[in-house]
Amino acid sequence: MPELRQLKRKAVMSLELYNTTRRDIPRKKLEAIIEGVIEAEGCEVGTVIAVFCGDRLIHRINRQFLGHDYPTDTVTFRYNSGQDIDGEFYISLDVISKNARRFGTSFDDELFRITIHSALHLTGYDDEDAGSRTVMKDKEDSYLSRLSFY
């Protein structure tokens, strides 16, 4: 009977990716990263929506929901508690592109890092202070080093 419960649980899983820009993104790899991070953190995807957008949309979301009047790399919303994750996140591909140049990395590497960062937020991590930022950065580095597994 546990096998049937597992199959039923997996059937209701929903991970949706939306790209509101004209830029191509590696959808399958991003899906694998999101699922992999959530599962590695001891959680499961319930309903997760990932929106890859431009500065205008993320600026509006950041201002409306967080009171910050500027575009940012990601904004994440978790709608429940427990192991099944219900939430959504938005990632600005414009900010990703700017940050990749700023940090001397590739667009994809910066995109993967921020996608991991967003998935970590969904599992309960925050980056409100220096200590929690260090924990998240270490986790991001760890997951990035394992990207070949995703």
### Message
Residues that are at pLDDT 95 or above, surrounded by fewer than 20 Cβ atoms within 10 Å (Cβ to Cβ) and among the aromatic types (Phe, Trp, Tyr), at least 3 per element: which helices (runs of 4 or more DSSP H) completely within segment 25-144 meet that?
### Response
none
### Query
Looking at (1) in contact with an Asp or Glu (Cβ under 8 Å, 6 or more places away or on another chain); (2) closer than 28 Å to Gly46 by Cβ, which is the only condition Phe103 fails?
(2)
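Just the residues that are touching a Phe, Trp or Tyr at 6+ places or on another chain (Cβ under 7 Å) and closer than 22 Å to Phe112 by Cβ, please, taken from segment 58-74. Outline the logic, then answer.
Within segment 58-74, the first condition is being touching a Phe, Trp or Tyr at 6+ places or on another chain (Cβ under 7 Å), and the residues that meet it are 58-59, 61-62, 74.
Correct list: Ile58, Ile61, Asn62, Thr74.
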### Query
Looking at segment 119-140, which of its residues are closer than 13 Å to Glu41 by Cα and hydroxyl-bearing (Ser, Thr, Tyr)?
Thr123, Tyr125
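Scan segment 117-131 and tell me whether some residue there is among the charged types (D, E, K, R) and farther than 22 Å from Phe65 by Cβ. Even if it seems obvious, please write down each step before you answer.
Going through segment 117-131, the residues among the charged types (D, E, K, R) turn out to be 126-129.
The next check asks that each one be farther than 22 Å from Phe65 by Cβ; those that pass are none.
Checked segment 117-131: no residue is among the charged types (D, E, K, R) and farther than 22 Å from Phe65 by Cβ.
The values are calculated or read from the model by the stated rules, or taken from the named source; none is laboratory data. These figures come from a predicted structure and were not determined experimentally. Reconstructed Cβ throughout: ideal geometry from the backbone, glycine too, with neighbour counts over all protein chains shown.
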